[in-house]
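Down below is the structure, laid out as structure tokens.
The values are calculated or read from the model by the stated rules, or taken from the named source; none is laboratory data. Only a predicted model underlies this, so the values are computations on that prediction, with no experimental measurement involved. Cβ placement follows ideal geometry from the backbone for every residue including glycine, while neighbour counts extend to all protein chains displayed. With ligands, DNA and RNA removed, areas are computed over all heavy atoms of the protein, side chains included. Shrake-Rupley method; radii C 1.70, N 1.55, O 1.52, S 1.80 Å.
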Amino acid sequence: VHVCVLFPASATSSSPVTCGPLPVPPALQFALLCSCRLFLSVPPPSQVHYDNPEGLTGVVDDSSAVLLHLTDTPRRLEAGTINIGDPFVTLGGQVVESGRNYTIKCPSECTSQLAEPLTVYDSFLHAHRTALYLFTNQFRNNTLLRTLEGSQYWSNDHQRSTLFAEADLLPGDELEITGMYDTRKLDAARAANASDAEPPTVWGLGTPDEMLMSFIFVYPRPLRAGGTFNDTISYCGLVPAGADGSWATMCTNGLAFEEGTSVLAVDPLTENGRAGWGTPFGGAPQCATAGGADKDADGDDDASECFPASATVTVAGRGAVRMDALRLGDAVLTADGTYSRVYLWSHADAAAESTFVAITTGAPVGATNATCAPAAAAAAAGTTHTLTVSSGHLLPVHGFADAVAAGTITPGAALVSPTGAPRPVLAVASVVGRGLFHPHTL
């Protein structure tokens with residue numbers, strides 16, 4: 001079963017309501033907005049959608065059920081949802097660009113219409129088969145506040161709650177949902193005229209198609225300031241602005257589409273957004289604020305973990321590669337002497353200029369890892385080497401159990417090379433470099 005949809009049926013209306021695993025805190029409730037009965041029967045108003053990519057027939061023997069907990073006793077608060085991204089799949093029919101970071105924002109012009117602050121208590125990112133990762137960043141006063149939710153390794157077969165932690169959502173905040181998609185295997189099969197080749201992946205409703213959206217569960221209900229009981233901001237995302245292919249932002253309950261309030265003249269579709277995955281696994285921001293590296297309380301960039309554009313890494317099959325030429329999917333030599341593929345850029349700003357720490361080391365002293373790959377040993381064979389990183393970048397230092405921030409390293413220390421041998425630090429200098437890059441490997 002991929003998803004099921006329930007319809008509350010009354011004498012005058014029949015429209016879908018939320019269905020699926022939805023834990024609701026004890027003080028909350030989802031209200032049925034009409035006097036109605038729920039019919040869980042076939043034919044609709046219930047629907048069950050199945051994944052059947054091979055198109056098999058006669059295989060559905062399903063005993064799935066839906067359990068609803070109803071009460072006549074009102075709870076203290078009413079919950080609601082804000083569906084962000086491309087809720088109505090208005091990109092439908094367009095080919096998904098492999099390797100592109102699609103970012104769709106819910107702008108402050110929409111959330112500023114909220115009647116009151118909200119609490120986000122759950123979320124559910126949604127895409128299909130070719131998504132690599134998904135995440136949503138939250139901005140306040142044009143500054144990255146947190147990565148609200150994320151799935152580092154997306155799987156269409158294992159969709160689940162994606163919220164890192166309960167968070168507040170204030171009027172005027174901005175949300176940016178980002179997804180990366182990889183269609184290379186499907187494209188290669190089609191180019192080779194394989195018997196199982198599929199048409200190009202497009203945005204759409206079917207499982208072979210793609211989506212980019214998230215269901216943000218909040219309390220209290222996301223009412224519009226000065227609106228009626230039904231005037232909620234339940235959808236905030238992409239909507240066509242006209243026949244010319246331009247885009248606008250929907251800020252609506254799904255029924256009203258009025259320019260200036262529920263349809264805003266803000267194009268929400270961007271690429272890469274203002275920040276990458278700013279808080280991987282819910283951790284501290286890493287070089288991800290708009291306009292440069294993160295700043296700590298002292299005003300310097302000790303919190304950042306970035307490389308300049310000129311920094312090089314060893315890439316399998318390519319040799320030494322500059323940071324600004326590194327590609328998603330490249331297998332780079334890591335500190336433990338193994339190769340690991342780049343799956344994400346949490347920051348990639350070629351134009352930024354910042355101060356870095358240049359650490360010059362001497363030849364490695366001995367070899368403590370005899371099983372290290374020959375390529376790793378060769379990389380460490382030079383007499384001197386200069387590593388240029390931001391001051392907050394964590395580096396392995398000989399004699400320390402935990403990695404050490406580059407800005408705290410002094411001559412006399414020793415960095416651990418890919419072979420495991422210590423390389424003595426000869427000099428440490430502060431340099432100005434162009435570019436801020438932070439690749440993440442698997």
> Which of (1) surrounded by fewer than 19 Cβ atoms within 10 Å (Cβ to Cβ); (2) acidic (Asp, Glu); (3) modelled with pLDDT under 55 does Asp302 not meet, given it meets every other one?
Replying inline: (1)
> What is the residue count in the stretch 405-442 for residues that are assigned to a strand (DSSP E or B) and either open to solvent by 30 Å² or more (accessible area, probe 1.4 Å) or of a type in the set (Gly, Ala, Ser) (or both)?
Replying inline: 17
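Please verify whether Gly317 is modelled with pLDDT of 85 or more, assigned to a loop (DSSP other than H, G, I, E, B) and surrounded by fewer than 16 Cβ atoms within 10 Å (Cβ to Cβ), treating the condition exactly as stated.
So Gly317 passes the test.
Please count how many residues of the stretch 230-253 are in a loop (DSSP other than H, G, I, E, B), touching a residue at least 60 places away in the same chain (Cβ under 8 Å) and not β-branched (Val, Ile, Thr). Steps first, answer last, please.
Of the stretch 230-253, the ones in a loop (DSSP other than H, G, I, E, B) are 230-231, 233-234, 241-246, 253.
Filter again for touching a residue at least 60 places away in the same chain (Cβ under 8 Å), leaving 230, 233-234.
Filter once more, keeping what is not β-branched (Val, Ile, Thr): 230, 234.
Of the residues in the stretch 230-253, 2 are in a loop (DSSP other than H, G, I, E, B), touching a residue at least 60 places away in the same chain (Cβ under 8 Å) and not β-branched (Val, Ile, Thr).
Restricting the search to the stretch 208-219, which residues are open to solvent by less than 30 Å² (accessible area, probe 1.4 Å) and either more than 24 Å from Thr90 (Cα to Cα) or in a loop (DSSP other than H, G, I, E, B) (or both)? I'd like the intermediate steps shown before the answer.
Here is the first cut: in the stretch 208-219, the residues open to solvent by less than 30 Å² (accessible area, probe 1.4 Å) are 210-214, 216-218.
Result: Met211, Leu212, Val218.
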> Counting only residues that are at pLDDT below 80 and among the charged types (D, E, K, R), which one in the stretch 320-365 is farthest from Pro418 (Cα to Cα)?
Replying inline: Glu353
> Are there any pairs with C-beta distances below 6 angstrom linking a residue in the stretch 308-319 that is within 12 Å of Asp330 (Cβ to Cβ) to a residue that is part of a loop (DSSP other than H, G, I, E, B), with the two at least 6 apart or on different chains, and if so which?
Replying inline: Val315/Asp330
